[in-house]
Structure formats: structure tokens, C-alpha cells
Amino acid sequence: MSEPRIRALALCIFHHHGKILVNQFYDAVEQRTLFRPIGGGIEFGERGIDAIVREVQEELALSISDVRLIGTLESIFTYAGKPGHEIVQVYDARFDDVDVYERSWLDGHESNGASFKATWCLGSSFTATSELVPEGLFELLKQASLLD
């Protein structure tokens with residue numbers, strides 16, 4: 001069993017007409033749905049901004065621009081019965097292909113090969129039982145006027 005560690009993570013907010021792009025997860029232990037923006041781990045020696053460009057390219061095969069840091073969060077949580085601890089850099093960016101914003105969803109692939117559909121969701125979609133994660137993200141996005 002590996003020793004617990006803090007994970008450095010970069011997430012990117014793509015917003016359009018009051019909606020943000022998120023990936024949906026289900027925690028079978030807690031029996032709740034979670035939503036998280038696109039992104040992933042920051043590798044050793046990699047800057048957060050470079051990690052988010054790489055992650056979006058790897059997961060969605062799309063290029064982005066106008067990347068800017070909007071905040072950093074610390075998240076201590078339990079998912080699937082296991083504890084987690086992340087330091088999360090949250091970025092805002094734009095897709096270079098403007099047609100992406102007209103799609104209802106985007107097909108993506110995790111680093112382990114699992115496929116997912118990222119969907120555009122309104123702020124009102126997120127509740128206590130269908131939560132936007134990491135903790136504090138909803139409030140950060142409201143402060144940055146990226147969610148209603």
C-alpha cells in the first residue's frame with residue numbers, strides 16, 4: 001500500500017453562455033454524483049499552466065489559448081472510501097476551435113484509456129447531492145464571475 005501524499009492538480013474552466021464544461025463522476029460508496037472541470041495532475045518539473053495545456057490536449061485532443069490562473073484551492077476529501085488531498089490550481093482558458101462551444105458534449109479519454117463525456121452545465125446544476133468539486137470551486141467561480 002502506498003503512503004498517502006498531497007497531489008498537485010491543474011483544472012481548467014471553459015465557460016460559455018453561463019455554463020461550464022465538466023466531467024461527471026459517481027461515488028458509489030457515498031452514492032452521489034460529482035462534477036469536476038477538465039484537468040489532471042501536474043508532473044514533477046512541469047508548471048501548472050503547461051500541465052493544463054497538456055491535459056486538455058491529451059483528454060480532448062483540443063488546443064487552448066488565453067490561459068490565466070484564477071485561483072488555488074486546497075481540497076481534503078474522501079472519494080470511493082479513500083482519503084485524498086490535493087492542491088488545485090484553477091485556470092480559465094478558451095478553446096482555439098470556437099465550434100466546440102456549440103457542441104452539447106465533448107468526448108474525452110482519461111490517461112488510463114477510460115472514455116468520458118464532458119458536458120456544459122449551468123451553476124444551478126450543482127447541488128449538495130450533485131456537487132461541483134473540488135471544495136470551494138463553486139465560490140471561486142462565482143467570485144470570478146464565471147458562474148451565476
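Between L73, S111, L146, the Cα set farthest toward the positive side of the dipole of the stretch 49-148 (charges on each charged residue's Cβ, about the Cα centre) is that of L73. Label separation (A114 vs A28): 1.0 nm, computed from points 7 Å beyond Cα along the C-beta direction. Applying the Karplus relation 6.51 cos²θ - 1.76 cosθ + 1.60 with θ = phi - 60° to the stretch 20-25 yields 3J(HN,Hα) values of 10, 8, 9, 9, 9, 10 Hz, where x marks Gly and Pro. Whose amide H sits under 5 Å from the amide H of L147, counting only residues 5 or more places off or on another chain, with H placed in the peptide plane? Under 5 Å from the amide H of L147: K142. Using the Cβ of H109 as centre and a radius below 10 Å, the other residues enclosed give a net charge of -4, where K and R count +1 and D and E count -1. Residues in the stretch 77-86 carry Karplus couplings, in order, of 8, 10, 9, 6, x, 10, x, x, 8, 10 Hz; the curve used is 6.51 cos²θ - 1.76 cosθ + 1.60 with θ = phi - 60°, and Gly or Pro positions show x. In terms of its alpha-carbon gyration tensor, the stretch 15-148 comes out rounded; the largest-to-smallest axis ratio a/c stays below the 1.5 threshold.
Here, each number is a calculation from the coordinates, and none is a lab measurement. All of these numbers come straight from a predicted model, not from anything done at the bench. Here the Cβ is made from the backbone with ideal geometry for all residues, glycine too, and neighbour counts use every protein chain on show.
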